[in-house]
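A short worksheet on the structure shown next.
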Amino acid sequence: MSFTLHGIGASSGIAIGRAHLASPSRVEVAHYVLPADQIDSEIKRFEQAVEQTREELRNLRSQIPAHAPAELPAFLDMHLLILDDNMIDEEPKRLIQEQQCNAEWALTQQMEALVARFDEIEDAYLRSRQEDVVQVVQRVIKTLVGHPSTALPQAELAEECVLVAHELTPADMILFKNTKFAAFITDLGGSTSHTAILARGLGIPAVMALHQARSLIHDHEWIIVDGREGVVIVDPDEKVLEEYRAKQAKWRHETEKLKKLKTSRAVTLDGAAIELYANIELPEDMPAVKESGAQGIGLFRSEFLFLNRDDLPSEEEQFEAYRTVLKEMGDKPVTIRTLDLGADKQAPWGHTVADNPALGLRAIRLCLAEPRLFETQLRAILRASAHGKARILIPMLGNFGELRSTLQLIESCKQNLRDQKIKFDDHIPVGGMIEIPAAALLADQFAKQLDFLSIGTNDLIQYTLAIDRADDAVAHLYDPLHPAVLHLIQHTIKSGKKSGRHVSVCGEMAGDPRLTRLLLGLGLRHFSMQPASILAVKQQVMRSMLDEVTDHAQRLQKNTDPEKTPSLLDKLNS
Ligand code: PEP
Ligand code: MG
C-alpha cells in the first residue's frame with residue numbers, strides 16, 4: 001500500500017530506488033538470513049574479524065605518541081578488555097547459529113542486549129560506559145565490512161539503493177563517501193546537522209526527521225525520495241512513478257546545465273565580483289572542488305581527519321593531508337579550520353560527554369584544554385603553509401582570552417619551527433569563526449585582532465535562538481531568517497569592513513541559493529559552501545543587482561512579522 005512521509009529536505013534532488021534498511025540500533029547494519037551451509041564460514045568470518053580487531057587495538061596501544069591525551073591509553077585498554085569478554089567474542093557465534101543470520105546482525109543484537117542492561121544501572125558514570133561497548137562493536141563491524149559476507153546480495157551495494165536509517169552520525173557519513181547510495185533517509189536529525197551537511201557534500205538526495213521511516217518501510221520496497229520538498233513516497237503506483245521520473249529527469253537536466261557556469265566569473269549584474277569558495281572535510285573531496293570551479297577553500301573541517309579511528313593522526317599525517325590540498329589548489333587560498341571536535345563530532349577517546357555537549361568542551365575550548373594535541377595540529381598546518389596559500393581559522397571563539405592563548409600558541413609553534421630551521425609562511429593569515437552571539441556582538445574587536453572573519457551560521461543560529469541544530473523536535477524553530485540572526489550577520493559584515501577585514505559566511509546559509517540575494521543584500525561578498533552548491537549560487541549571483549537586493553534585504557532584516565517573511569523572501573528572489 002502506498003503512503004507518503006514528510007520530513008526535512010536535507011539535500012535536494014530526486015531518487016527512486018529500493019529501500020535498504022539499516023539496523024535500528026546505534027550501529028547501522030543490514031540483516032540477512034544465511035543458507036545452512038554458510039553458517040560455519042560466517043562464524044569463522046566473525047572470529048577472524050574479532051582477532052583482527054584485537055590486533056589493531058594492540059598496535060594502536062603500542063603506537064600512542066607521547067603527547068597524546070592521558071585518556072587515550074586507558075580508553076584502548078578498556079576496549080581490549082571488552083573485546084575479550086565472552087559476551088562479545090563468544091555469544092554472537094551462538095546467535096549466528098541459532099538465528100542463521102549474518103555476523104554483523106548477530107553482533108549488533110548482542111550489543112543491544114548489553115546496552116539494555118547498562119541502561120538499568122543507576123550510577124550515571126557506569127551507565128555511560130555502554131558507549132564503549134558500542135564503540136568496540138563498531139570497530140569489529142568495520143572490520144567485517146572490509147571482508148563482506150558471501151551472502152551479501154550485490155544489489156544492496158548498487159546505486160539504486162535508498163538507505164533507511166534511524167540515525168546516522170557524521171562519522172557514518174564519512175564511511176558512505178566510498179559507497180554509492182541513490183539517497184538516504186533518517187528518522188532523526190536537523191537540516192544543518194553535520195550529517196545533513198555531508199549528504200549535501202555527497203550530492204545525493206536526503207530527507208531527515210521522518211520519525212517513523214525505519215519502522216514503517218520494509219526492506220526492498222520501492223521508494224521515491226524528494227530531497228528538496230522533504231517528501232518520501234513508499235510503494236508508489238505507476239502514475240506517481242511516472243510523475244517523479246519526469247521530475248528527476250528535469251532535475252538532472254538542470255544540474256547538467258549549471259555545469260556550463262563552471263568557468264564563468266561570479267559577478268553581479270552591476271559588476272560586483274563575488275568570491276565563491278568550497279567547504280571540504282577531507283583531501284578526498286578535492287575532485288568535487290575542481291568540478292565546482294571554486295576560487296579557494298573557505299573551510300577545511302580538519303576534525304574529520306580525527307573521526308572513525310581510535311588513534312590520533314600524527315603531525316606527519318596531518319601535514320600530508322594539508323599539503324595535498326594546498327598543492328592541488330595552487331595559488332588559491334586554503335582555509336584550514338583548527339579542530340572542531342565535540343558536540344555531534346565526538347572522537348572516541350575524547351573527554352566524557354557532557355549533558356549539553358554543544359555548550360561544552362568543543363572546538364577551540366577542547367584544543368586549549370589539550371595544548372599538545374593543538375600544537376601538533378598547528379605545527380602540521382604551519383609546515384604545510386610552505387606549500388601553498390594556507391590560512392588558519394579558529395572555531396567557536398567566545399572571548400578574548402581564548403584568542404590571546406591561541407595566538408600565543410601559534411607564535412610559539414612558529415618560533416619552534418624557526419629554531420628547527422623548518423620552512424613555513426610567517427605571514428599566514430589567522431581568522432576567527434563568528435558563531436557565538438558574544439563574538440558577533442563584539443565582531444569589531446575580534447576583527448581588529450584577526451586577519452579575517454568567517455561567520456558559522458549553523459552554530460550562530462543554534463546559539464542565538466537556543467535551538468539544537470541536530471534535534472528534529474525543534475527543527476521548526478531553527479530559523480535563518482530570524483531578524484536577530486540577520487542583525488548579527490549584518491553587524492559582523494559591517495564590523496569587518498570597518499577594520500578592512502574580509503568576512504565570509506561558511507555555514508549552510510551560504511550554499512542555499514534561496515538566500516544568496518539576502519546575504520548579498522546584507523553586504524556579504526565572500527561565500528563558502530559545499531562544492532555541490534557553488535554553481536547554483538553562482539547563477540543567483542549573476543542574476544542579481546546589488547542595489548535592488550540591498551533594499552529588500554533591509555526590509556527582511558527589520559521584519560518582525562513571521563507571516564510576511566515568505567513573501568518578502570519571494571520578492572527578493574523574483
Ligand atoms: C557553522 O557552524 O556554520 C560552521 C560552518 O561550522 P560547523 O558546521 O562545522 O559547525
Ligand atoms: Mg560551527
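Bear in mind that the values in this text are calculations on the coordinates, not laboratory data. Quick caveat, the model's predicted, so the values are computed rather than measured. Glycine also receives a Cβ, built like all others from the backbone with ideal geometry; neighbour counts cover every protein chain displayed.
Among DSSP beta bridges lying fully in the chain, give the percent that are antiparallel, nearest 5.
Values: 19 of 57 bridges.
Within the chain, antiparallel bridges account for around 35 percent of the total.
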Requested in this report: Taking the dipole about the Cα centre of the chain, with the C-beta of Lys and Arg at +1 and of Asp and Glu at -1, give me whichever of P437, H220, G500 is farthest to the positive side.
Outcome: G500
Query raised in the report: Relative contact order, percent, of segment 425-574 when contacts are C-alpha pairs under 8 Å separated by at least 6 residues?
Result: 21
Requested in this report: Starting from the Cα of K44, draw a straight line to each of the lysines and keep only those under 23 Å, dropping any in the same chain fewer than 8 residues away.
Outcome: K93, K142
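What shape does the chain have by the C-alpha gyration tensor, where a ≥ b ≥ c are the square roots of the eigenvalues, rounded means a/c under 1.5, and otherwise prolate means a/b greater than b/c and oblate the rest?
Numbers: a/c = 1.86, a/b = 1.23, b/c = 1.51.
It is oblate, given that a/c is not under 1.5 and a/b is not larger than b/c.
Could you work out the local net charge near A438, counting Lys and Arg as +1, Asp and Glu as -1, over the other residues with Cβ closer than 15 Å to its Cβ?
Numbers: positive: R365; negative: E402, E435, D444, D459.
Value of the local net charge: -3.
Arrange the following residues from fewest to most other Cβ atoms within 10 Å of their Cβ: R469, R309. List each step's numbers first, then the result.
Working: R469 26, R309 16.
Ascending number of Cβ neighbours within 10 Å: R309, R469.
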Requested in this report: Give me the distance between the Cα centres of segment 418-488 and segment 90-142, rounded to whole Å.
Outcome: 39
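Please give me, ordered by residue number, the trypsin sites (Lys or Arg not before Pro) of segment 322-427 that lie in loop per DSSP and have at most 13 other Cβ atoms within 10 Å. Kindly include the intermediate steps, with their values, before the conclusion.
On the way: sites: R323, K327, R337, K345, R362, R365, R372, R379, R383, K389, R391, R404, K414, R418, K421, K423; in loops: R362, K421, K423.
Within segment 322-427, the qualifying trypsin sites (Lys or Arg not before Pro) (loop, at most 13 other Cβ atoms within 10 Å) are K421, K423.
Within segment 91-121, list the GluC sites (Glu not before Pro) lying in a DSSP loop whose Cβ has at most 13 other Cβ atoms in a 10 Å radius.
Here the GluC sites (Glu not before Pro) that fit, given the DSSP loop and packing criteria, are E120.
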Query raised in the report: Got a sec to turn the phi values of segment 257-267 into Karplus ³J(HN,Hα) couplings, 6.51 cos²θ - 1.76 cosθ + 1.60 with θ = phi - 60°, whole Hz, x for Gly and Pro?
Result: 4, 4, 4, 5, 7, 3, 9, 5, 7, 8, 10
Query - Amide H contacts under 5 Å for L397, placed H, 5+ residues apart - result: M433, E435
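For L299, what is the net charge nearby, where nearby means another residue's Cβ is under 12 Å from its Cβ and Lys, Arg count +1, Asp, Glu -1?
Values: positive: R301, R337, R391; negative: E281, D285, E303, D340, E435, E508.
Every neighbour counted, the sum reads -3.
Among S41, S544, which comes first, then next, by fewest other beta-carbon atoms within 10 Å?
Details: S41 13, S544 22.
Arranged by neighbour count, lowest to highest, S41, S544 become S41, S544.
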Query raised in the report: So which lysines can K558 reach, going by Cα to Cα under 26 Å and dropping same-chain residues fewer than 8 places off?
Result: K494, K497, K498, K571
Report summary line: For segment 36-144, whose charge dipole is built from +1 on Lys and Arg Cβ atoms and -1 on Asp and Glu Cβ atoms, the candidate among L114, Q63, Q99 with its Cα farthest towards the positive end is Q63
Report task. Report, by chain and number, residues whose modeled amide H sits under 5 Å from the one on A10, excluding near sequence neighbours (fewer than 5 apart, same chain). Result -> A206, V207, M208
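Per-residue ellipticity at 222 nm for the chain, helices alone: DSSP H runs ≥ 4 residues times -39500 (n - 2.57), over residue total, nearest 500 deg cm²/dmol?
On the way: 24 runs with 268 residues, N = 574.
Value at 222 nm, helices only: -14000 deg cm²/dmol.
What is segment 266-573's relative contact order, in percent, from Cα pairs under 8 angstrom and six or more apart in sequence? Before the final figure, lay out each step's value.
On the way: 590 pairs, mean separation 60.1, N = 308.
Relative contact order comes out at 20 percent.
Which of the trypsin sites (Lys or Arg not before Pro) found in segment 494-574 are in a DSSP loop and have at most 15 neighbouring Cβ atoms, other than their own, within 10 Å?
Details: sites: K494, K497, K498, R501, R514, R517, R525, K538, R543, R555, K558, K564, K571; in loops: R501, R525, R543.
The qualifying sites are R543.
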Query raised in the report: How high is the relative contact order of the chain, in percent, with contacts defined as C-alpha pairs under 8 Å that are six or more residues apart?
Result: 15
Report summary line: Ranked from fewest to most other Cβ atoms within 10 Å of their own Cβ, D444, D561 fall in the order D561, D444
